[in-house]
Each structure stands twice: as C-alpha cells, then as structure tokens.
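Visitor: Got a structure for you, questions after.
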Amino acid sequence: MTLLLIIIVLALIFDYINGFHDAANAIATVVATKVLSPFQAVLWAAFFNFLAYWVFGLGVANTVAKTADSSQIDLVVILAGVIAAIIWNLITWWQGIPSSSSHTLIGGFAGAAVAHAITMHGFSDYTLIEDGVQHTRHWYDIVSWYKDGKDGGMPSGVVIIIAFIVLAPLLGALMSYLISIWLLNASRKSILPKLFTIALMILSVWFVYNQMVPFEKIEKPRFDSHFWSIVFESHNIKWFLVAFIILSISTFALFFSSLNLHKADAVLKKMQLLSSAAFSLGHGGNDSQKVMGIIAAAVAVYIKTSGVDIMHLPEWLQVVLPDDDKGIKGVMPEWIPLACYTAIAVGTLSGGWKIVKTMGSKITKVTSFEGVAAETAGALTLYFTEHFKVPVSTTHTITGSIIGVGLTKRVSAVRWGVTVSLLWAWVLTIPVSALLASLVYWFLHIFL
C-alpha cells in the first residue's frame, strides 16, 4: 500500500510539472501578442485546464493504462516510469525545450516494463496462462506495441503514439495553414469566400449533430430532463465546443472584409481569448488523462499483486480497467480525475516562462491573426485525436500549428534552425525516457 501511495503522489507531482512545463502551449501566443499579461494568461489557461474535467471522457487514460500488460508488471515498473518522466521533464523545462510530457510518460512506462521483462525472463521466451489458456511470450511483448481497432476503428499501441509524433504537428500545421488561407481570402471583398464560409457552417452543424449521443444511450443521465441531459453529457459538450469554435470563426469570416485593419485586429484579439481557452481545454483533457491512466494502472497492478478481492478494498481503490474484448466496462473513482485536473491546473498557474519564450517568438513572429489560427487548429486537432483515444502531444500540436501559420507568409518566416532542434527533442524523448526508466528500474529493483 505504501508503494502505491508513493506512486499516486509522484504521478500527481508529474501532472503538476506537466502543467507548468506545458503552460506555454496554451498561453505563448496570447502573451506574445499582448492580449493578456503573463499572469492573466496563466490564470485563464489554468481555469480551462480544470474545466476540462467536465468535458472529456477517459479514452486516452485507458490507452495509456494499457501501454504495458498490467498482468505482467509490478508497482516498481510504474514507479520507475514516473520517476524517469519527472527527471526528463525537469531537464527539458530547465533547458527551455518544449518536449512532450505525454511521450515522456509513455516512454518511461514502456522502458521500465521492458527492463522488468528482461530482468524476470532474460531474452528467452516464457509462458503464461490467461483464462486457462497457455501463451508463449517474448520479452518485448510486455509492451502493447500495436492493437487493431475494434470494428475497424482506430488502432492503438505505442507504435500509433510514436506515429503521432509526426502526424500531430503535421495535422496542426495543415489545419492552421488552411484556416489562415480561409481567413485571408475572407478579408477580400468577394462573394466566393462568403459562400464557402456558409457552406462550412452548414456542414459543421450537420457533422456535430450526427456526433451527439442521444438520451437513450446516456448511461447516467445528469438530469430528469432529456434536453439538459443531452446538453450536459460530456461527449456532447466536446462537440458543442467544436461547433462553437468553427461557427465563431465563420461569423468573423463573413464580416472580415467589411472591417478596417484596426477593428479587425481588435476583434481578433478578443477571439484569441476563445481560441486559447479552447486549446487549454484540450490540453487539460488530453494531458490529465495520461496521468489518470498511470494511476489507474498502478491501482490495478496493486489489486493483482496483493491478491485482495476488489470488493474488499476501500471504495477509492476500486479501479477496473476496461476490456472491449471481454465486454468489461471501466470503473474509475471520481477522486482520480478530480485530483489530476486539479494538479495540472495548479501547475499551469505556476507558469513555465522559459518555454513561453521559445513558443511565442522563436519559431515565427506571431500576430493576433496567427494566434487565432494556430490555437484554433491546435484545439481542433486535440479534440479529434482525443475522440479517437490517441494520446498526442499538446506541445507537438501547437508547434506544428504555429509553423503552419508561418508558412502562409513565406517558408523563410519560420525559423527552421529552432524548429529542427525541437524535432530532435521530440524524436529523442521516448527512447531517452525509456532508457532512463530502465536504469531507474534496475536501481530500484535492488532495494524493492
């Protein structure tokens, strides 16, 4: 029990560090464009980090929890992974490198799990029994590298997470580039951009409407009223936000050509509050879930290794990891998401000014126009990847989005020397975290 409590405390400390390490993701552009002071921006981001508690589900948390096979690991594996993630996060924060806290945690978890498998079984095959069936395993099978999606859905596993090291910034860059081109054309006195905008608004409303969960499919309606239960269902709130973001920018696009430069800039600065809030929601929802997944995995491993019946444990320890193959629905006590969202919000309040400077000015010069496009693109990318339960990096996403708006001016507007340095940090994060976690595991294994 003591080891489990230590892991929970360290995981929440990591979540806190994640908050100030990644605060720059949400606030760099609003600080760079002087829409908000640094202190106001941090308060704004922290509030929406916490608000994500009522918006997002637990899909990403489940993906992270299943990075390693919980039936084959012990608490020392999770402890080593969290310690390694904290060390790497602090190193990159101190150096002002906007690396991915998400990939740091996943790399640490996977590296410690592999070190555990090698320690227990060497590089030889071994057998284990699952549901009365004997299976042969290799040392590397302890990590969930790739798993096909159910019913043709999105596949999962560490390979998919690694793929999104490239895909997340590309999606962010492509989306911000397209948003920028759309708004630039909307600023011209032409009917075609307005027709395109109206069509986009209609398409967005139709798409979001089809994503809504009807009352009949809501497991635990929050109200007796069908209408309010549908409105406040967390899945639906996320899609309402997507529609609100797109419709807000579309409304601006319809009137953009009638505004002079001063009025347009004033409106764009107000819209930056919306776009940064949307991104902060995505940041809180995506990154807090990763820590939830680690805590849930730790509790599940504790239940397995202690041999205690789950019903005999205190209610706060009654965690069940979902298993689609066996039709098992997950159970997560409310204190876990509440603690994680609180920790990341408090961490965001602590700042992280070294990385703000890199994100806000060193990649490309950011105006209110670019800030709105980049944050909106980043937020939409986070919402859609969360929908598919993919734990992407908020750092990678917003960096790609800032690069995308820079490219609308000219290729040379992006400071590629800084960008290449960031890419190296991204590529190295998972292997370095995994190696560090392996060393921490072998050290801890001597004493625990």
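Visitor: Name, by its number, the condition in (1) hydrophobic (A, V, I, L, M, F, W, C); (2) open to solvent by less than 10 Å² (accessible area, probe 1.4 Å); (3) closer than 27 Å to ILE142 by Cα that does not hold for ILE310.
Guide: Unmet condition: (2).
Visitor: If I filter the range 227-237 for residues that are of a type in the set (Ser, Thr, Tyr) and without any contact (Cβ under 8 Å) to a residue 12 or more places away in the chain, do I get at least one hit?
Guide: Here is the first cut: in the range 227-237, the ones of a type in the set (Ser, Thr, Tyr) are 229, 234.
Now drop any that are not without any contact (Cβ under 8 Å) to a residue 12 or more places away in the chain, which leaves none.
Taking every residue of the range 227-237 in turn, none turns out to be of a type in the set (Ser, Thr, Tyr) and without any contact (Cβ under 8 Å) to a residue 12 or more places away in the chain.
Visitor: Let me spell it out: the conditions are (1) at pLDDT below 80; (2) surrounded by fewer than 19 Cβ atoms within 10 Å (Cβ to Cβ), and TRP54 meets all of them except one. Which number is the exception?
Guide: (1) is the only condition that TRP54 fails.
Visitor: For the range 1-16, which positions are open to solvent by 10 Å² or more (accessible area, probe 1.4 Å) and at pLDDT 85 or above? Break it down into steps so the answer makes sense when it comes.
Guide: Applying the first criterion (open to solvent by 10 Å² or more (accessible area, probe 1.4 Å)) to the range 1-16 yields 1-3, 5-6, 8-10, 12-13, 16.
Listed by number, the residues that qualify are THR2, LEU3, LEU5, ILE6, ILE8, VAL9, LEU10, LEU12, ILE13, TYR16.
Visitor: Still on this structure, please answer the following. Looking at this structure, is PHE47 touching a residue at least 40 places away in the same chain (Cβ under 8 Å), farther than 17 Å from GLU370 by Cα and open to solvent by 60 Å² or more (accessible area, probe 1.4 Å)?
Guide: In short, yes.
Visitor: If you don't mind, another one. I'd like the full set of residues that are over 17 Å from LYS238 (Cα atoms), touching a helix residue (DSSP H, G or I) at 6+ places or on another chain (Cβ under 7 Å) and not in a loop (DSSP other than H, G, I, E, B), limited to the range 210-227.
Guide: Scanning the range 210-227 gives a single hit, HIS226.
Visitor: Here are some residues: THR29, THR67. Which one is crowded, with 24+ Cβ neighbours inside 10 Å, within 28 Å of LYS238 (Cα to Cα) and touching a strand residue (DSSP E or B) at 6+ places or on another chain (Cβ under 9 Å)? Can you show your working first?
Guide: Details: THR29 fails: touching a strand residue (DSSP E or B) at 6+ places or on another chain (Cβ under 9 Å).
Of THR29, THR67, the one residue that is crowded, with 24+ Cβ neighbours inside 10 Å, within 28 Å of LYS238 (Cα to Cα) and touching a strand residue (DSSP E or B) at 6+ places or on another chain (Cβ under 9 Å) is THR67.
Visitor: Scan the range 215-256 for residues that are surrounded by fewer than 16 Cβ atoms within 10 Å (Cβ to Cβ), modelled with pLDDT under 90 and either basic (Lys, Arg) or within 27 Å of ASN185 (Cβ to Cβ) (or both) and jot them down.
Guide: Those that are surrounded by fewer than 16 Cβ atoms within 10 Å (Cβ to Cβ), modelled with pLDDT under 90 and either basic (Lys, Arg) or within 27 Å of ASN185 (Cβ to Cβ) (or both): LYS217, LYS220, ARG222.
Visitor: Could you count how many residues in the range 117-158 are among the acidic types (Asp, Glu), open to solvent by less than 80 Å² (accessible area, probe 1.4 Å) and farther than 14 Å from ASP69 by Cα? Give the derivation first.
Guide: Restricting attention to the range 117-158, the residues satisfying the condition of being among the acidic types (Asp, Glu) are 125, 130-131, 141, 148, 151.
Of the ones still in play, those that are also open to solvent by less than 80 Å² (accessible area, probe 1.4 Å) are 130, 141.
With farther than 14 Å from ASP69 by Cα added as a condition, the list becomes none.
Of the residues in that region, 0 qualify.
Visitor: If you don't mind, there's one more thing I want to ask. Please pick out the residue among ILE179, ILE161, ILE165 that is in contact (Cβ under 8 Å) with a residue 40 or more places away in the chain, out of contact with any Phe, Trp or Tyr (no Cβ under 7 Å at 6 or more places or on another chain), under 28 Å from THR67 (Cβ atoms) and open to solvent by less than 60 Å² (accessible area, probe 1.4 Å).
Guide: Working: ILE179 fails: under 28 Å from THR67 (Cβ atoms); ILE165 fails: out of contact with any Phe, Trp or Tyr (no Cβ under 7 Å at 6 or more places or on another chain).
It is ILE161.
Visitor: Applying the selection to the range 424-443, what residues are surrounded by 17 or more Cβ atoms within 10 Å (Cβ to Cβ) and either among the charged types (D, E, K, R) or over 25 Å from the mean Cα position of the chain (by Cα) (or both)?
Guide: Hits for the range 424-443 are VAL440, TYR441.
Visitor: Now, a different point. Only one of these is in a helix (DSSP H, G or I), among the aliphatic types (A, V, I, L, M) and over 15 Å from the mean Cα position of the chain (by Cα): ILE106, ILE129, ILE97, ILE118. Name it. Walk me through it before giving the result.
Guide: Numbers: ILE106 fails: over 15 Å from the mean Cα position of the chain (by Cα); ILE129 fails: in a helix (DSSP H, G or I); ILE97 fails: in a helix (DSSP H, G or I).
Only one candidate qualifies: ILE118.
The values are calculated or read from the model by the stated rules, or taken from the named source; none is laboratory data. These numbers come from a predicted model, not from an experiment. Glycine also receives a Cβ, built like all others from the backbone with ideal geometry; neighbour counts cover every protein chain displayed. The area values use the complete protein model at the heavy-atom level, side chains included, leaving out ligands, DNA and RNA. Shrake-Rupley method; radii C 1.70, N 1.55, O 1.52, S 1.80 Å.
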